Amino acid sequence: MIPPFSALCNKTIASYLHAPQDILQHTLLRSYDINEWSLWFNQAQEMAHCSHTASITFDSTALMMEAAINGHGIALASPFMFQEKIAQGQIVQPFDIYLNKGGYWLTRLDIKKQTPAQIAFKSWLLKQAHQLNNE
């Protein structure tokens, strides 16, 4: 499972956010998925018109988070992935609202025999996923 996404921003911007709707007064930082903020607002049970809000699209989550840290807007990203930056106070999660964007698949060709490296990787990956789900 992909860790759930939530709004993340620096402390200065967070000080202006009292309700999810307040996010619309700031630039929305997002990935290539143009619907993700609308989906997050649906999860927050807010009727929001994100299409009229300024946004910046990133193809790198790391760059998007640097923009959020530097006060350029509010990112929609996984707090789990950025727990270190949250612990350091560089970024905050102003609302306890999450968007689950789905999952990943591990695939291979059935016509080819699995290599020892593929078997080891699959085993490691499943172990990591199990540990995450039990935290």
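The values are calculated or read from the model by the stated rules, or taken from the named source; none is laboratory data. Keep in mind that what you see is a predicted model, and the values were worked out from it rather than measured. No Cβ is skipped: glycine too gets one built from the backbone with ideal geometry, and neighbour counts run over all protein chains shown. For the accessible areas, the whole protein counts, side chains as well, though only heavy atoms, and no ligand, DNA or RNA atoms are used. Shrake-Rupley method; radii C 1.70, N 1.55, O 1.52, S 1.80 Å.
Comparing 106, 76, 29, which has the greatest mean-square fluctuation in the GNM of the chain with Cα pairs linked when under 10 Å apart?
Evaluated over the chain, the most mobile residue of the options is 106.
Considering the chain as a Gaussian network with a 10 Å cut-off on Cα pairs, which listed residue, 20, 94, 116, attains the greatest mean-square fluctuation?
Fluctuation is largest for 116.
Return the lysines within reach of residue 113: Cα separation strictly under 26 angstrom, same-chain partners fewer than 8 residues apart disregarded; answer none if there are no such residues.
In chain and number order, the partners are 122, 127.
Calculate how large, on average over all directions, the projected area of the Cα convex hull of the chain is; give the answer in nm² to one decimal.
9.9 nm²
Given a 1.4 Å probe and the protein chains all in place, what does the accessible area of residue 130 round to, in Å² to the nearest 10?
Number for this one is 120 Å².
Length gain on complete extension for the stretch residue 115 to residue 35, per 0.36 nm per residue less the alpha carbon to alpha carbon distance?
Full extension from residue 115 to residue 35 adds 24.9 nm.
Filter the trypsin sites (Lys or Arg not before Pro) in the stretch 77-116 down to the DSSP loop ones having no more than 10 other Cβ atoms within 10 Å, then list what survives.
Here the trypsin sites (Lys or Arg not before Pro) that fit, given the DSSP loop and packing criteria, are 112, 113.
Hey, can you find the accessible area per residue of the chain for me, probe 1.4 Å, expressed in square angstrom?
Heavy-atom accessible area per residue stands at 67 Å².
Using DSSP to define loop residues, name the chymotrypsin sites (Phe, Trp or Tyr not before Pro) in the stretch 27-125 whose beta-carbon has at most 12 other beta-carbon atoms within 10 Å.
Sparse-neighbourhood loop chymotrypsin sites (Phe, Trp or Tyr not before Pro): 32, 104, 105.
Using Cα pairs closer than 8 Å and at least 6 residues apart in sequence, work out the relative contact order for the chain, in percent.
It comes to 40 percent, rounded to a whole number.
Under 14 Å from the 7 Å Cα→Cβ point of residue 46, by amide nitrogen: which residues of the stretch 14-31?
Answer for this model: 14-29.
Nothing charged except the Cβ atoms of Lys and Arg (+1) and of Asp and Glu (-1): what's the magnitude of the dipole of the chain about its Cα centre? Round to the nearest 20 debye.
I would put it at about 600 debye.
Do the sum for the chain: with -39,500 (n - 2.57) for every DSSP H run of n ≥ 4, divided by all residues, what is the mean residue ellipticity at 222 nm, to the nearest 500 deg cm²/dmol?
Computed ellipticity for the chain at 222 nm equals -9000 deg cm²/dmol.
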